[in-house]
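A short write-up of the structure that comes next.
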Amino acid sequence: MANWKFTDQYGSTYPSLQYSILSLLVFSEHSLNGNNFTGTLDVDATGTALSTIGTMLGMGSIPLSGTVDATGASLTVTLRSTNDQDFTQAIANCIPLIGGSITKNAWLDINTVSSQTDPEGDSPPTDVFSLGVTIAIGSASVDINTQVPMNGGFFYLSGEFTGVGISLNDLNFLMGPLAEGNAWFPSTELGPYSAGQTSFGLLSMSLLCYVTLAPSFSISINSVNVEVGISKLPLMGNALYLDPLGVWVTVTNPTSDAAVTWGLLGSVKLCNYANPGPVGLSDPDFTFDFTMTFPSSTDNTFGIAAYLENPAGKSVNVMLQDLMGQGTNVGIGDNITVNSFEFDTSADVSTGTINEFSTSIVMSGGFGLFEKIPLSVEQLSISVAYSAS
Amino acid sequence: MKIVCWNLKNIGQTKLGNAFTNTFTPYGLGNNVLDYMMKLVMGDAAWSNLWGLAGLSNNPADIFVIIELKTGGHNKNQAVSGTCLPTITAITNAMNQVAVTRNINNNYQYSFATPKITGNHETVGVIFNNLVFNANPATISLRDNNNAYINPRTPFMASLVEGTTTTKIVGIHAPPVKGGANVRYRPPIDYVRKLGIVGELDPTAAVSPTDYFIMGDFNCNPGSSYTNGFGVAVTGFNQLLAWNYNSLIPNGTLSSVRTRVANVNPQPSNYLSEAYDNLLYNFSVAPGGISEYVLDLIGNARNVSQPLNPVALYPNNLVAVLNNYNKVSDHLPMIIEY
């Protein structure tokens, strides 16, 4: 069978397909039975789009199967590689730190949706071409993925997770020489906040990899970033949540001259009164982000910075209804809006005194003195700053 | 010595991993935003057509200045927070990775100067070759001679020391234009005028050999003006010029990037819109040769997947190149080499 691409059959009907991954991938053979598709990617015939991953995997061909739906005004192609065992072995062999028994599964995903109304000249909005890897973290398993790299250089293998409980020891395989005594985790600095804690939630993980293609192929891990903590912690009924409260840790050069940086971050989220509970956290009305820094050997400062932003410009009345229920009305006008609120403070832990404090609030909507005067006051901001020096 | 300055539009850790479209990535310019940045900053062969410009080499940058580095907080000159340190650490580490891979780490090793907040959720990143400059350079968000910060984003300065010479790297981000035609340049011009009353930027006050570089997003250019209430045209760069700051970037060189192709305009105004970025210098002793450019990464983008046969992507692939460039920034980078 001659080489074939999706654009050979569908390109004229779905013009944006020519700007998708499906315009590049060459199949040495394929079959379509109704919506069911099977085919084999030819790495050499495809060229650049597969040359890097082909070298990583040591494969000249990749079998795929899935569905092709060409009804209506859109073409939806969803394919997955079918040689998981070969993929898994290849990934385990070529990516440091996650090799051997840590890599449980690996595969290739393709998901393209090409609509006849897509803007001209660039890729369809949905055009996924990714490498997925399942790795073992203690007794748990998590999926990390990356858009398939096509160049020598940097690529990220990353994922975000919910409900993944781990111990610190479970991540030691990523931390190189800092694994000893969990040295990568700031237990001492966190003090009572982590004392006695044996289980953490793994919130996210990212491996920054570097591919060298010449003079010889190699992959190295440039850095590892993990975020551990808790998510979806209810603070007030099903309206207000801490999501997440976490410690981020970045270990650079984990396989050689490992160095660690870390910090604490979190978000308080207020769900819309019509969409409460954990489900509503995907689209909260307000998000209040905060970060904390802890004293180190070179800096006696404890600091916290927080800010609320309201990009959708939702009013104070919406905030009150989110907190206290739909229909809550305390007599504030519907146009009063808190555009932003933030504060920063730092304290010298050696003296126990506040070094710096500042806060600002920006509101709009016309109120009080400014409501009736002819000037057009777009926003009112109040800032207060204090410094001990 | 090579300095690259790049406004990277609110760069944070998440943005570094943003990938390009699947049909752009095979061109060989990068797998994602970080990879793309590294190929430019580290003198990769993917941009060999730029290294062929007069006076430019394919050496990695000795100093990389990042405008619009994202941070938490808003208190000027205070410590950064949030995503800022992980971001600049990742970029610095990536530069070191490339240096090691290319076996040039005997000449190039990178550290970053401690960033300080310059404005609301913003700072300036300065990454430098620590085999040339001393470690732990002093950094400060600057005040003017009235001891006031310049709003909304005060200049940030890192003082890099090499032997007896200090190199002052100053990153700025002026406010945007606003208002009617006669006054739209007032906010950025007034900002640039205030640079002229920042004592640390006055070369005549230097007590030891000092080279000065003021760079970033000026949101105006030396030819910009506004009309004040007395009908007088006001320009911004007078004091800096009086201090003998100079730039080899021709006045009016477009540097801000459109979000959509303007097909009716000729190149490069079909993908560039304003002349907002500049890099001013003042040397204590003028070097033998200085070359300075705004690097047009859109008009000069090539398909380098076949290294021996690179193919220009302009004009046939302009939409894809522009859309993918917008994932990196809305400004072109600047470079000076001497």
field: Residues with amide H under 5 Å from that of residue A:222, placed H, sequence gap 5 or more
entry: A:208, A:209, A:210
message: To the nearest 20 Debye, how big is the dipole of chain A about its Cα centre, given +1 on the beta carbon of each Lys and Arg and -1 on that of each Asp and Glu?
response: 400
message: Spelling out what I want: for every residue of segment A:257-263, take phi, set θ = phi - 60°, compute 6.51 cos²θ - 1.76 cosθ + 1.60 (Karplus), and round to whole Hz; glycine and proline get x.
response: 8, 5, 9, 10, 10, 7, x
- request: Could you pull the Rg and Dmax for the protein assembly as shown, using just the Cα atoms, both in Å?
  value: 26.9, 81
query: Taking amide H positions as placed 1.01 Å from N in the peptide plane, with prolines and chain starts having none, which residues 5 or more places from residue A:175, or on another chain, fall under 5 Å of its amide H?
result: none
field: Within chain A, longest stretch clear of exposed GluC sites (Glu not before Pro) (DSSP loop, no more than 14 other Cβ within 10 Å)
entry: A:121-377
field: Cα-based reach from residue A:232 at 15 Å (exclusive), listing aspartates and glutamates while leaving out same-chain residues under 8 positions away
entry: A:160, A:243, A:283, A:289
field: Computed [θ] at 222 nm, deg cm²/dmol, chain A (DSSP H ≥ 4; -39,500 (n - 2.57); rounded to nearest 500)
entry: -3000 deg cm²/dmol
query: Within chain B, what percent of beta bridges assigned by DSSP are antiparallel, to the nearest 5?
result: 75
query: Could you give me the ³J(HN,Hα) list for segment B:20-32, computed from phi with Karplus coefficients 6.51, -1.76, 1.60 and θ = phi - 60°, whole Hz, x at Gly and Pro?
result: 8, 5, 5, 8, 8, 4, x, 5, x, 8, x, 7, 7
Segment B:51-124 and segment A:59-111: distance between their alpha carbon centers, rounded to Å: 36
- prompt: Under the Kirkwood approximation for Rh and a Cα-based Rg, what ratio Rg/Rh is obtained for chain B?
  reply: 0.95
statement: HN-Hα couplings for segment A:72-88 via Karplus (6.51, -1.76, 1.60; θ = phi - 60°), in whole Hz with x for Gly/Pro, come out as x, 8, 10, 10, 10, 10, 10, 10, 9, 5, 10, 9, 4, 5, 5, 4, 4
- line: chymotrypsin sites (Phe, Trp or Tyr not before Pro) in segment B:173-253 lying in a DSSP loop, each with at most 16 other Cβ atoms within 10 Å of its Cβ, come to B:230
message: Run the simple label-point estimate for residue B:260 and residue B:232 please: 7 Å along Cα→C-beta, distance reported in nm.
response: 4.2
task: Give B:15/B:194; A:269/B:178; B:70/B:168; B:15/B:168; A:5/A:104 a once-over and call out the pairs whose C-alpha atoms are over 25 Å from each other.
output: B:15/B:194; A:269/B:178; B:15/B:168; A:5/A:104
- prompt: Arranged by the count of other C-beta atoms within 10 angstrom, fewest first, what order do A:332, B:335 take?
  reply: A:332, B:335
Chain A, relative contact order [Cα under 8 Å, separation at least 6], %: 8
statement: FRET efficiency for residue B:162 and residue B:312 from the Cβ-Cβ distance with R0 = 41 Å, rounded to 0.05, comes out at 0.60
task: Quick one: plug the Kirkwood hydrodynamic radius of segment A:180-322 (C-alpha pairs) into Stokes-Einstein at 10 °C, 1.306 mPa s, and report D in µm²/s.
output: 90
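Readers should treat all values here as calculations from the given coordinates under stated rules, not as data from a laboratory. As the structure is a computational prediction, the values presented were derived from the model and not from experiment. All Cβ positions, glycine included, derive from the backbone under ideal geometry; neighbour counts span all protein chains shown.
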